[in-house]
Amino acid sequence: MSRIDFPCDACKYLRRRCIKWCIFALYFCNKVGNTDFEVIHKVFGSKNAFNLLSHLLVKDRNEAIATMIYEAQARIQDPTYGCVSEILILQQHEFVDYYANLQHVQNQIPPETNHIPELDLSIAGDIDELGPVVFGRH
Ligand SMILES: [Zn+2]
């Protein structure tokens, strides 16, 4: 049975004819379901997704689809920050770990030889506090 008889889920969602070399067919087959393409279409638009995929090597397209789905889902959940909110949270956790390690090292150094100034960095407890710092808005 040809693909023309059974369009891929992206073409089904877009209500268009699925051509033989449809760029979406390998990634949005009927096994996956069309919900993934739906979020990509809502956030990026199908034409932008097509353009992005068409400029990539075939070997990289699967990862690109996976990251577009991830980014689109994050953007739907958090329209302001999208997946950047998760990156900021990870950076915040990383900062807390580095700060704890620095304090541990500082505690190992005798006070008379410890010339490292005490850090007094407050850690933002909310993504809204980190956003302006990261993006330069004040
Ligand atoms: Zn198709």
Subject >> Approximate spin-label separation I109-K12, in nm, with each point projected 7 Å along Cα-to-Cβ >> reply: 6.3 nm
**OP:** List, in order, the whole-Hz ³J(HN,Hα) value for each residue of the range 40-51 obtained from phi through the Karplus relation with A = 6.51, B = -1.76, C = 1.60 and θ = phi - 60°; use x for Gly and Pro.
**Re:** 5, 5, 5, 8, 9, x, 5, 5, 5, 4, 4, 4
Subject >> Sequence of T67, T113 once ranked by neighbouring C-beta atoms within 10 Å, starting from the fewest >> reply: T113, T67
Original post:
Could you put C11, C22 in order, starting from the residue whose Cβ has the fewest other Cβ atoms within 10 Å?
Top reply: C22, C11
**OP:** Rounded to whole Hz and in sequence order, give me ³J(HN,Hα) for the range 55-67 from the Karplus expression 6.51 cos²θ - 1.76 cosθ + 1.60, θ = phi - 60°, writing x for Gly and Pro.
**Re:** 8, 9, 5, 4, 5, 9, 5, 4, 5, 5, 4, 4, 6
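No value in this document is a laboratory result; all are computed from the given coordinates. For clarity, every value in this text was computed on a predicted model and none was experimentally measured. Neighbour counts are summed over all protein chains in view; Cβ atoms, including those assigned to glycine, are modelled from backbone coordinates with ideal geometry.
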